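What follows is a short report on a single structure.
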Amino acid sequence: VIQIRKDGTQSFDQNWSTYESGFGTVGSSTEHWLGLSAIARLGSGTLRIEATDCIPTSYYGEWSAFELDSLNNYAISLNVTSYIGTIGDSLSHHSGESFSTPDADHDSSSGTCATHSGWWFKDCREADLNGKYYATCDAPSSDGVIWYSVQNDFTFSFNTAKMMVAVDDKESYESSSS
């Protein structure tokens, strides 16, 4: 599990070094972010995202060949044609983008997309599971836990979100993390 959002108890408005090293209680069921360097060390795998809205309706999505490039500001890459799920594909739009935080603007937008969180932004808010938490699922400033393709609405915010990676070559990961 690389990320959990569920109740707003952990702020995701963090700087670059905190996103790189991780925050929250990693390995628990509480809100956390594993850390960009640890995610990059996983190597290639299948990314699965699970989320719920306030109804609650559950959604999921999966992409193969997910990995981060630690030499390029943790740019995200994934097989954009591999998407399966019910969440809609708001992530492929960001493939190839470097990670940005409020203090480290690496996105390709002419403005600053990472105003309240860190994410792989392209044209800002197509998706941002690290955005501000709104228990009501309504993000009036379009800065919430956003996944545009669910309702084609930038003010819709998820109530819960979880990102997980199934590593393709577990042996390779275990040797790189020792």
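The values are calculated or read from the model by the stated rules, or taken from the named source; none is laboratory data. These numbers come from a predicted model, not from an experiment. As a convention, Cβ positions derive from the backbone with ideal geometry for all residues, glycine included, and neighbour counts pool all protein chains shown. Please note that ligands, DNA and RNA were not included when accessible areas were found on the heavy atoms of the full protein model with its side chains. Shrake-Rupley method; radii C 1.70, N 1.55, O 1.52, S 1.80 Å.
Some observations on this one:
- Calculated FRET efficiency for the pair T25/N72, C-beta based, R₀ 35 Å, to 0.05: 0.75
- Label corresponding to semi-axes √(5λ) of the Cα gyration tensor in Å when calculated from the structure given, among (i) 34, 18, 13; (ii) 28, 14, 14; (iii) 23, 18, 17: (iii)
- Cβ charges +1 (Lys, Arg) and -1 (Asp, Glu), total dipole of the chain, debye: 280
- Region 1-63, accessible surface, carbon-and-sulfur percent (1.4 angstrom probe): 48
- Lysine pairs with alpha-carbon atoms under 20 Å apart, the chain, spacing 8 or more or separate chains: 4
- Length gained when the stretch S110-S37 is fully extended (0.36 nm per residue, less Cα-Cα span): 23.6 nm
- Solvent-accessible area assigned to carbon and sulfur over region 72-178 amounts to 44 percent, based on a 1.4 Å probe.
- Per residue solvent-accessible surface (Å²) - region 1-118, probe of 1.4 Å: 42
- Paramagnetic label reach from N15 (point 7 Å along Cα→Cβ; backbone nitrogen cut-off under 19 Å): within region 115-135, residues 115-119.
- Solvent-accessible area of C124 with every protein chain in place, 1.4 Å probe, in Å² to the nearest 10: 30
- For region 40-126: rounded, prolate or oblate by the Cα gyration tensor [a/c cutoff 1.5]: oblate
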